[in-house]
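So the structure is just underneath, and the comments pick up after that.
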Ligand SMILES: C[S@@+](CC[C@H](N)C(=O)[O-])C[C@H]1O[C@@H](n2cnc3c(N)ncnc32)[C@H](O)[C@@H]1O
């Protein structure tokens, strides 16, 4: 197994890089289903980077406890710092998610914002199968991702944008993955069902709400 990408150097810059490239669009994707998460109590947040979504989730839901997993110590430090006085509701695990064993099941929420694209389809499938056994029957899984939609926009805009992102992350972090995984197929095969979907930017981005079916 190859090493996970190293985002330690980017931790302080990440939000500015994001804002310079996509403005507020990624943040809007992350927030799409926040108001549907009020009943969740035990969340597993994977690869949240500098923790902006984790902080929002803690603020929106005063009862939730979060296990946050990331391969980058600097990102996890930023995440815990951003949680502020709510940090006592966060357990941070520095680990490669492909090897990590769920620590406090059953979870009633899984969150992966712009994270599955760091994995191959086979890795997403293995992860989803492991998580299917570690979530409650009514668990939610919130996904934000990049897509290459069918049609002219997909060919002429989305595909080059996604290819550019992979090239940039490969050079900056050593990321080995070269193309988007087929996460909808992987999650479906593992026993999750898509309940809602909100595309943005012509389908280049989408927020999805999955449940354990
Ligand atoms: C693109 S960044 C941040 C994504 C953030 N969720 C967002 O919405 O912008 C992806 C994060 O996933 C982490 N990551 C990448 N591959 C990983 C792996 N195999 N195991 C654990 N964390 C990983 C990186 O360290 C980074 O913090």
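Read-outs throughout are calculated quantities, based only on the coordinates presented, and are distinct from any laboratory measurement. Just so it is clear, the structure is predicted and the values come from calculations on it, not from any experiment. Quick reminder, even Gly has a Cβ in these numbers, built from the backbone with ideal geometry, and neighbours come from all protein chains shown.
When the helices in the chain are scored as -39500 (n - 2.57) per DSSP H run of 4 or longer and the sum is shared across all residues, what 222 nm value do you end up with, to the nearest 500 deg cm²/dmol?
Numbers: 7 runs with 70 residues, N = 213.
-9500 deg cm²/dmol, from helical runs alone.
Counting pairs of alpha carbon atoms under 8 Å apart in space and at least six apart in sequence, what relative contact order in percent does the chain give?
Details: 387 pairs, mean separation 46.3, N = 213.
Relative contact order for the chain comes out at 22 percent.
Looking only at the chain, where both bridge partners belong to it, what percent of the DSSP beta bridges are antiparallel (to the nearest 5)? Mind showing how you got there, number by number?
Details: 15 of 34 bridges.
Among the beta bridges of the chain, antiparallel pairing accounts for roughly 45 percent.
Give me 207, 144, 188, 179 ranked fewest to most by other Cβ atoms within 10 Å of their Cβ, as a rough exposure proxy.
Working: 207 21, 144 26, 188 16, 179 13.
Lowest to highest Cβ neighbour count: 179, 188, 207, 144.
Under a crude label model (7 Å from the Cα following the beta-carbon direction), how far is residue 85 from residue 170 in nanometres?
4.8
Please work out, to two decimal places, the log10 of the ratio I(q)/I(0) at q = 0.14, 0.16 Å⁻¹ from a Debye calculation in which every Cα of the chain carries one identical scatterer.
Those come out to -0.82, -1.12, one per q.
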